[in-house]
C-alpha cells in the first residue's frame, strides 16, 4: 500500500511540474511575453527536469518489475488520469478564460472507464 500511495503521490507532483512546463508560459503570459521562444524552451526544460525527478521514482516504486503493485499498463493509465486531473485543476484556477464543458466531463468519464478496464483481471 505504501508503494502504491508513494507512486501516485509522486505522479501528482510530477504532473504538476509537467503542466507548468507545458502551459505555464501561456497562463502567466504577462511575465513571459518579453522572452523569446528559446528562453521559454530553456525555462520549460528546467521545469521538466524537476518533473522527471519525480516521474522516474514514481514509476520505479509503482512498477511490478521493481516490487510495486502496478503493471506498466496500469501505471500508464493512472498517470494519464492524474495528468488530466492536474490539468483540469490548472485550467480552473489559472486559465479562467476557458470553461469546463460537458464534453470534457464525458471524456474524463471515458478515462475512468479505461482505468476500470485496465485494472480488471
Hey, among the residues in the stretch 64-74 that are touching a residue at least 40 places away in the same chain (Cβ under 8 Å) and under 15 Å from residue 2 (Cα atoms), which one's nearest to the chain's Cα centre (by Cα)?
70
What about residue 54, is it within 13 Å of residue 6 (Cβ to Cβ), surrounded by 13 or more Cβ atoms within 10 Å (Cβ to Cβ), in contact (Cβ under 8 Å) with a residue 60 or more places away in the chain and touching a helix residue (DSSP H, G or I) at 6+ places or on another chain (Cβ under 9 Å)?
no
Cβ-Cβ under 8 Å pairs, at least 6 apart or on other chains, the stretch 80-108 side farther than 18 Å from residue 27 by Cβ, far side modelled with pLDDT under 85 and assigned to a loop (DSSP other than H, G, I, E, B)
none
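In the stretch 63-71, is there at least one residue being part of a helix (DSSP H, G or I), modelled with pLDDT of 90 or more and either under 17 Å from residue 15 (Cα atoms) or touching a strand residue (DSSP E or B) at 6+ places or on another chain (Cβ under 7 Å) (or both)?
Let us first name the residues in the stretch 63-71 that are part of a helix (DSSP H, G or I), namely 64-66.
Filter once more, so that each one left must be modelled with pLDDT of 90 or more: 64-66.
Next, only the ones that are either under 17 Å from residue 15 (Cα atoms) or touching a strand residue (DSSP E or B) at 6+ places or on another chain (Cβ under 7 Å) (or both) stay: 64.
Yes, some residue in the stretch 63-71 is part of a helix (DSSP H, G or I), modelled with pLDDT of 90 or more and either under 17 Å from residue 15 (Cα atoms) or touching a strand residue (DSSP E or B) at 6+ places or on another chain (Cβ under 7 Å) (or both).
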Look at residue 41 and say whether it is in contact with a helix residue (DSSP H, G or I) (Cβ under 9 Å, 6 or more places away or on another chain) and either touching a residue at least 24 places away in the same chain (Cβ under 8 Å) or part of a helix (DSSP H, G or I) (or both).
no
Counted residues, the stretch 1-42 - those being at pLDDT below 90, farther than 19 Å from residue 91 by Cα and buried (at least 16 other Cβ atoms within 10 Å of the Cβ):
0
Considering (1) touching a residue at least 40 places away in the same chain (Cβ under 8 Å); (2) farther than 17 Å from residue 10 by Cα; (3) not in a helix (DSSP H, G or I), say which one residue 121 fails and leave the rest.
(1)
What is the one condition in (1) crowded, with 17+ Cβ neighbours inside 10 Å; (2) out of contact with any strand residue (DSSP E or B) (no Cβ under 8 Å at 6 or more places or on another chain); (3) in a helix (DSSP H, G or I) that residue 78 does not satisfy?
(2)
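The values are calculated or read from the model by the stated rules, or taken from the named source; none is laboratory data. Keep in mind that what you see is a predicted model, and the values were worked out from it rather than measured. No Cβ is skipped: glycine too gets one built from the backbone with ideal geometry, and neighbour counts run over all protein chains shown.
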